[in-house]
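J.: Just passing along the structure, written as structure tokens.
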Amino acid sequence: MLCEAMCGLEVQVRGPEIVSIRGHRDDPLSRGHICPKGVALQDLHTDPDRLRRPVRREGDAWVEIGWDEAIDLAADLLHGVQERHGRDAVATYLGNPNVHSLGALTHGTSVPRTLGSRHVFSATSVDQLPHHVVAWAMYGHQFLLPVPDIDRSRLVVLVGTNPMASNGSLWTVPDFPARLRELHDRGGRLVVLDPRRTETAAVADEHHFVRPGTDATVLLALVHVVLAEGLARPAAYVDGLDALRLLVADFTPEVAERVSGVAAQTIRGLARDVAGGGAAVHGRMGVSTQEFGVLCQWAIQCLMAVTGNLDQPGGTMFTTPAIDLVGRGLVGRGHRGRTTSAVRGLPEFAGELPVSVLAEEMDGEAPAIRALLTIAGNPVSSTPAGSRLSGRIASLEAVVAIDPYVNETTRHAHVILPPTGPLERDHYDLIFHTLAVRNTARFSPALFERPEDARHHWEIARDLTLALLRRRGCRPSVRQRLRLMASPRMSVDLLLRSARTGLSVRRLSRTPGGVDLGPLQPRLPERLRTPDRRVSLTPEVVTDGLALLRSRLPALRRAASSDELLLIGRRHQRDNNSWMHNSTRLTRGRPRHQLLMHPDDLAARGLADGSLVTVTSDVSSVRVDVRASDEVMRGVVSLPHGYGHDRPGVRMGHAVEVPGVSMNDLTDPARVEGVSGNAVLNGIPVVVTPAAGA
Ligand SMILES: Nc1nc2c(c(=O)[nH]1)N[C@H]1C(S)=C(S)[C@@H](COP(=O)(O)OP(=O)(O)OC[C@H]3O[C@@H](n4cnc5c(=O)[nH]c(N)nc54)[C@H](O)[C@@H]3O)O[C@H]1N2
Ligand SMILES: Nc1nc2c(c(=O)[nH]1)N[C@H]1C(S)=C(S)[C@@H](COP(=O)(O)OP(=O)(O)OC[C@H]3O[C@@H](n4cnc5c(=O)[nH]c(N)nc54)[C@H](O)[C@@H]3O)O[C@H]1N2
Ligand code: SF4
Ligand SMILES: [Mo]
């Protein structure tokens, strides 16, 4: 429940105590795997700093209040702002843990829907928005995201993703290390492209450094080679091969080499290898949260489609989940540009605006946004120019949070509504079964009953929705009432039964490890949601972005030979975005907050390993200790995000010895991906100097 791998866990309890947490051997997907974060659920469960009852802020102090009072206060605050300034004056930000909470998915969105503001934001636009835009443009649905069928692949190519630490993303691949071993045992290979020699690169057969933000040239060159050498063998439902050939004609391996540092020879070899079949190419954070994120995701989809690896065993495939979000229309197909942000005019996608505009919409004499509701989110730590955003949030008329922690953002809240923890609630993974390497289904009933004075996320959402409606003098429709009153368990049961797979909550409860529904199956063209059930390789919304890349090539080429430093992020297996830093289990050992820099770059600046340095971007500067490491390529420095818990009042991060800094104090909201508006979090130009007074 903490990451996308959705491992089945076996928790032994004695009364209210947890005795042990282990991987569940009978889980047909995770096969007994567990990582340190899974074990740390115990620390989360017992953490005294985790809120169990609602709190209201009085100055700098938090006062516990009852649930009725808290819901009323939250509704009064949000409704009051809407009465005074209109519906759009309240913004909602939905954070990452929403996708890991069943109740948040079944009920949570009723609150922003009821608020009816166009200012809805989420962690999607600091993460995977380019994937959704490309899936929508090529396959007709934002959630038609193919995943590498690693269990049958011959070749896996990973670009800007580090599953040894992250356990996979938009790719539910629990126990990646074992699956990689099996790939190797079959004689298969793993190739990694990353500006850092990551934990995944270290176990790969090949690792190539790539200069941050230049992957699009490499990926387009791969497509170029396949088409130029006559290696294309697309399926019959694929259109636009000739148009694609023209579009990528100038993206030769030589052009890519000059800007990215990846040898033309390597690109040619890799293209031929991918074209040989049984190959899956997957790109994640590193190629999503960068300047050309949409072009990167598009090039990867084109590469898979033209080489015939799309929808084939061993290639990239679509799932057949028991609860089919796409097939049953439970998630909309997506749409783009129905509204735009007021200040910069960035387009919405699927009803959300890019979070990079959040702070600017709070600016000025008559700001568009006057109140903020965060649901399982921490935008001050997770989105660009966090410090600046923090200042804006502090001056809002109303701030409400549904969150179990006083984090860098919720410390500004007027009231916090904390939901139950992951071991106190029922769980069925609606999202990640849709992205898994094997079709399975699992229902996990709550391990502990929720305490009398605690509330589930779904109950909070239900009560807040009803309280908001009451203030407007509205009554919920019968359908709305039914939907709000049905527990998540009932919703899942209904969805399972109506899918006619023979599954139900009762049936799944008999097999706690989960039910195996078999390997991934070819699903195209039936599963496509494009009007003509065909795949267009050249959707204009995407290919229009090529002009910008072309115009940036000279600058990228110059930068490649300059001494400019580019900042990239980093995830550690025992970090979890901006939270879980209260767990001693996860934080003990060597500190992990430092800036990594290549020894040559340190020497060139006269900096000593371990010294305190100032890192300055266009937005801000931070002081942090530097660690020499040839893991990062020359010209690249790396900081993890989610650190810097020393802001006043924050009750997260007490287990980390050195608070570190928030990487997002350096990232720049002005730098967004051109098509989607997704934040650019990698490849940030920075200057590193000795810290004054150090
Ligand atoms: N520079 C940089 N920035 C990044 C990234 C990066 O790689 N580099 N990664 C980005 C990515 S991929 C993501 S997803 C975002 C994450 O960004 P966010 O979603 O904004 O932040 P999280 O750190 O996940 O914070 C989640 C909050 O949810 C709360 N929470 C946990 N469980 C629950 C629950 O069950 N219910 C409720 N209501 N609350 C809960 C936690 O207490 C915590 O306060 O960060 C992004 N920011
Ligand atoms: N332990 C742990 N697991 C997690 C999380 C966590 O915080 N901790 N977060 C979860 C979440 S919300 C998500 S979204 C996933 C993310 O899952 P991943 O995408 O696998 O995670 P990252 O470690 O951010 O991997 C991004 C990689 O891109 C590289 N990179 C940076 N810039 C570039 C570039 O320009 N080009 C290329 N080719 N590579 C680049 C980085 O060096 C890094 O290795 O992880 C999930 N799992
Ligand atoms: S890999 Fe992810 S799902 Fe599995 S135990 Fe770790 S945090 Fe949980
Ligand atoms: Mo994420």
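J.: Please pick out the residue among Ala70, Ala75, Ala104 that is part of a helix (DSSP H, G or I), within 16 Å of ligand 2 (Cβ to nearest atom) and small (Gly, Ala, Ser).
T.: That would be Ala104, the only listed residue that is part of a helix (DSSP H, G or I), within 16 Å of ligand 2 (Cβ to nearest atom) and small (Gly, Ala, Ser).
J.: Still on this structure, please answer the following. Of the residues that sit in segment 561-596 and are within 13 Å of ligand 2 (Cβ to nearest atom) and among the small types (Gly, Ala, Ser), which one is surrounded by the most Cβ atoms within 10 Å (Cβ to Cβ)?
T.: Top of the filtered list is Ser578.
J.: Right, Ser260: touching a Pro at 6+ places or on another chain (Cβ under 6 Å) and either within 16 Å of ligand 4 (Cβ to nearest atom) or closer than 27 Å to Ser638 by Cβ (or both) or not?
T.: Taking the combined requirement at face value, the residue does not satisfy it.
J.: Here's another thing I want to ask about it. Taking the condition away from ligand 3 (no atom under 16 Å from the Cβ), touching a residue at least 12 places away in the same chain (Cβ under 8 Å) and not in a helix (DSSP H, G or I), does Val192 pass?
T.: Here the answer is yes, as Val192 does meet what is asked.
J.: Filter segment 120-171 down to residues that are part of a helix (DSSP H, G or I) and over 25 Å from Leu586 (Cβ atoms), then give me how many there are.
T.: 16
J.: All but one of (1) out of contact with any helix residue (DSSP H, G or I) (no Cβ under 9 Å at 6 or more places or on another chain); (2) under 27 Å from Val636 (Cα atoms) hold for Gly160; state the number of the condition that does not hold.
T.: With (1) out of contact with any helix residue (DSSP H, G or I) (no Cβ under 9 Å at 6 or more places or on another chain); (2) under 27 Å from Val636 (Cα atoms) applied to Gly160, the lone miss is (1).
J.: Could you check, for segment 670-677, whether at least one of its residues is part of a loop (DSSP other than H, G, I, E, B) and of a type in the set (Asp, Glu)?
T.: Yes, some residue in segment 670-677 is part of a loop (DSSP other than H, G, I, E, B) and of a type in the set (Asp, Glu).
J.: State all residues of segment 78-101 that are part of a helix (DSSP H, G or I) and either over 26 Å from Leu44 (Cα atoms) or more than 16 Å from ligand 4 (Cβ to nearest atom) (or both); if no residue qualifies, say none.
T.: Leu78, His79, Gly80, Val81, Gln82, Glu83, Arg84, His85, Arg87, Asp88, Ala89
J.: If you check His184 against the conditions, is it within 14 Å of ligand 4 (Cβ to nearest atom) and more than 23 Å from Ser578 (Cα to Cα)?
T.: Judged against the criteria, His184 is not a match.
J.: Which one of these is farther than 18 Å from Arg425 by Cβ and either of a type in the set (A, V, I, L, M) or surrounded by 18 or more Cβ atoms within 10 Å (Cβ to Cβ) (or both): Asp72, Asp60, Asp47?
T.: Asp72
J.: For segment 439-450, check the following and say yes or no: at least one residue is within 27 Å of Leu115 (Cα to Cα) and either touching a helix residue (DSSP H, G or I) at 6+ places or on another chain (Cβ under 7 Å) or outside the structural domain of Val55 (by the TED database) (or both).
T.: No, that holds for no residue.
J.: Residue by residue through segment 531-555, note down the ones that are acidic (Asp, Glu) and either part of a helix (DSSP H, G or I) or more than 28 Å from the chain's Cα centre (by Cα) (or both).
T.: Selection gives Asp532, Glu540.
J.: Is one or more of the residues making up segment 445-455 under 30 Å from Arg14 (Cα atoms) and within 16 Å of ligand 3 (Cβ to nearest atom)?
T.: Yes, that holds for at least one residue.
The values are calculated or read from the model by the stated rules, or taken from the named source; none is laboratory data. Only a predicted model underlies this, so the values are computations on that prediction, with no experimental measurement involved. Ideal geometry is used to build each Cβ from the backbone, glycine not excepted, and the neighbour counts take in all protein chains shown.
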